[in-house]
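Participant: Take a look at this one; I'll ask things after.
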Amino acid sequence: MVTTEPRSIRRMSAKTGTSVLDVDWLAVCRGATANLRVAFDRHPSTPERAVGIGRGAGGDETLVIDGDAEAAVFDELEQLAARGHQFSAISEERGEVVYGDGASPVRVVIDPIDGSLNAKRLIPSYALSIAVSAGPTMEDVEFAFVHDFGTGEEYVARLAEGATVNGEPLDVTEDGRGLEIVGLESARPEWITPVAERLQGKVFRLRILGSIALSLCYLAAARFDGMLTANTCRSVDAAAAQLIARESGAFVSVLGHGGLEAPLDLGARFRIAAGRTPEGLETLVRALTDAGLPDN
């Protein structure tokens with residue numbers, strides 16, 4: 001398990017006298033999950049889900065299902081803020097939304113639908129991802145939640161307390177099989193080919209889910225032996241699942257950011273590699289580095 005001690009930043013709410021990090025975040029996340037199911041039911045087909053409604057803060061086209069999903073999550077956050085808690089929410093569509101006077105270091109990093117193309121096309125591999133952080137970087141994340149809408153599985157992690165799926169502890173203890181199955185994300189052919197070429201003879205099989213969060217969670221569940229992103233990603237894609245992977249005992253590196261010091265804002269772009277062992281992680285990092293991929 002990860003041995004990092006929880007961060008000491010515990011800014012108290014002026015109204016409640018409690019830390020936002022002491023909130024029952026699991027209940028908040030489960031409430032958001034229930035809201036999202038209602039949103040998906042309102043748009044059951046691909047034509048209904050694929051209606052464009054503009055551009056999000058991250059620069060991508062926002063579909064009606066994206067907007068409804070984000071509203072479903074923010075409904076829970078606004079109820080939390082109404083009870084006096086202060087924090088900043090960072091989301092793909094709305095960008096950064098500050099609740100309170102802006103003094104709180106707590107950040108809630110949200111991807112309402114990680115794997116939105118899958119959700120649009122009714123491919124059952126997409127997830128809600130929520131991370132709660134005591135500071136501005138990946139390594140500051142203290143609570144993580146990922147709900148897989150395809151399997152109904154709920155992944156949860158708390159810093160230095162381990163990770164679970166549906167309440168059962170996760171442990172990626174190496175069984176000697178090496179890099180038998182590796183998840184490869186950001187699946188544009190021009191990005192994948194140079195990386196795949198450098199994995200020949202080192203990885204037995206590749207799997208592409210179409211969701212960075214779920215690939216990291218599958219690593220945490222020892223379904224994958226490693227994962228990497230051929231294209232660049234953002235904090236909303238991985239902030240929660242990287243903690244789940246680390247708390248299961250896996251090793252995670254954000255390339256170009258000193259391991260896990262990648263900022264949680266939407267402006268940063270980076271690639272991620274993760275493995276069940278340090279040796280597996282090194283192999284995947286080397287493949288990404290040697291592929292010579294452009295930044296975007």
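Participant: Report yes if residue 182 is within 19 Å of residue 274 (Cα to Cα), outside any strand (DSSP E or B), open to solvent by less than 10 Å² (accessible area, probe 1.4 Å) and touching a residue at least 12 places away in the same chain (Cβ under 8 Å), otherwise no.
Facilitator: So residue 182 does not fit the description; no.
Participant: Hey, another quick one. From 97, 109, which residue is open to solvent by 10 Å² or more (accessible area, probe 1.4 Å) and either over 23 Å from residue 38 (Cβ atoms) or aliphatic (A, V, I, L, M) (or both)?
Facilitator: Selected residue: 97, the only one of 97, 109 that is open to solvent by 10 Å² or more (accessible area, probe 1.4 Å) and either over 23 Å from residue 38 (Cβ atoms) or aliphatic (A, V, I, L, M) (or both).
Participant: Also, I was wondering about something else. I'd like the residue in the stretch 225-244 that is open to solvent by 10 Å² or more (accessible area, probe 1.4 Å) and not in a helix (DSSP H, G or I) and, out of all such residues, is farthest from residue 183 (Cα to Cα).
Facilitator: 234
Participant: Select from the stretch 214-224 the residues that are closer than 13 Å to residue 157 by Cβ and open to solvent by less than 10 Å² (accessible area, probe 1.4 Å) and list them in ascending order.
Facilitator: Correct list: 216, 217, 219, 220.
Participant: Could we say that residue 62 is crowded, with 17+ Cβ neighbours inside 10 Å, at pLDDT below 75 and either in contact with a Lys or Arg (Cβ under 6 Å, 6 or more places away or on another chain) or not in a helix (DSSP H, G or I) (or both) here?
Facilitator: yes
Participant: Can you find a residue in the stretch 182-191 that is of a type in the set (D, E, K, R) and under 30 Å from residue 97 (Cβ atoms)?
Facilitator: Yes, the stretch 182-191 has at least one match.
Participant: In this structure, does residue 273 turn out to be part of a loop (DSSP other than H, G, I, E, B) and either open to solvent by 10 Å² or more (accessible area, probe 1.4 Å) or in contact (Cβ under 8 Å) with a residue 12 or more places away in the chain (or both)?
Facilitator: no
Participant: So, one more: In the stretch 91-118, how many residues are of a type outside the set (Gly, Ala, Ser) and closer than 22 Å to residue 148 by Cβ? Before you say what the answer is, go through the steps one by one.
Facilitator: Filtering the stretch 91-118 for residues of a type outside the set (Gly, Ala, Ser) gives 92-94, 96-99, 101, 105-114, 117-118.
Cutting the leftovers down to closer than 22 Å to residue 148 by Cβ gives us 92-93, 108-114, 117-118.
The total comes to 11.
Participant: Considering only the stretch 155-177, I want to know if a residue exists there that is part of a strand (DSSP E or B), of a type outside the set (Gly, Ala, Ser) and buried (at least 23 other Cβ atoms within 10 Å of the Cβ).
Facilitator: Keep residues of the stretch 155-177 that are part of a strand (DSSP E or B), which gives 155-158, 162-165, 168-169.
When the remaining residues are screened for being of a type outside the set (Gly, Ala, Ser), the result is 155-156, 158, 164-165, 168-169.
Subsequent filtering for residues that are buried (at least 23 other Cβ atoms within 10 Å of the Cβ) retains 155-156.
For the stretch 155-177, residues part of a strand (DSSP E or B), of a type outside the set (Gly, Ala, Ser) and buried (at least 23 other Cβ atoms within 10 Å of the Cβ): present.
Participant: Also, I was wondering about something else. For residue 125, state whether it is touching a Leu at 6+ places or on another chain (Cβ under 6 Å) and at pLDDT 90 or above.
Facilitator: The answer is yes for residue 125.
Participant: Within the stretch 253-269, how many residues turn out to be under 26 Å from residue 161 (Cβ atoms) and open to solvent by less than 20 Å² (accessible area, probe 1.4 Å)?
Facilitator: If we filter the stretch 253-269 for residues that are under 26 Å from residue 161 (Cβ atoms), which is where we start, we get 253-254, 257-264.
Those still in the list that are open to solvent by less than 20 Å² (accessible area, probe 1.4 Å) too: 254, 262, 264.
Qualifying residue count, the stretch 253-269: 3.
Participant: Same structure, new question: How many residues does the stretch 117-137 hold that are touching a Ser or Thr at 6+ places or on another chain (Cβ under 7 Å) and outside any strand (DSSP E or B)?
Facilitator: Residues meeting the conditions: 6.
Participant: What are the residues in the stretch 276-296 that are farther than 11 Å from residue 232 by Cβ, open to solvent by 30 Å² or more (accessible area, probe 1.4 Å), among the charged types (D, E, K, R) and in contact (Cβ under 8 Å) with a residue 40 or more places away in the chain, if any?
Facilitator: 286, 290
The values are calculated or read from the model by the stated rules, or taken from the named source; none is laboratory data. For clarity, every value in this text was computed on a predicted model and none was experimentally measured. Every residue, glycine among them, receives a Cβ derived from its backbone with ideal geometry; neighbour counts consider all protein chains shown. Remember, those area values only see protein heavy atoms, side chains included, never the ligands or the DNA or RNA. Shrake-Rupley method; radii C 1.70, N 1.55, O 1.52, S 1.80 Å.
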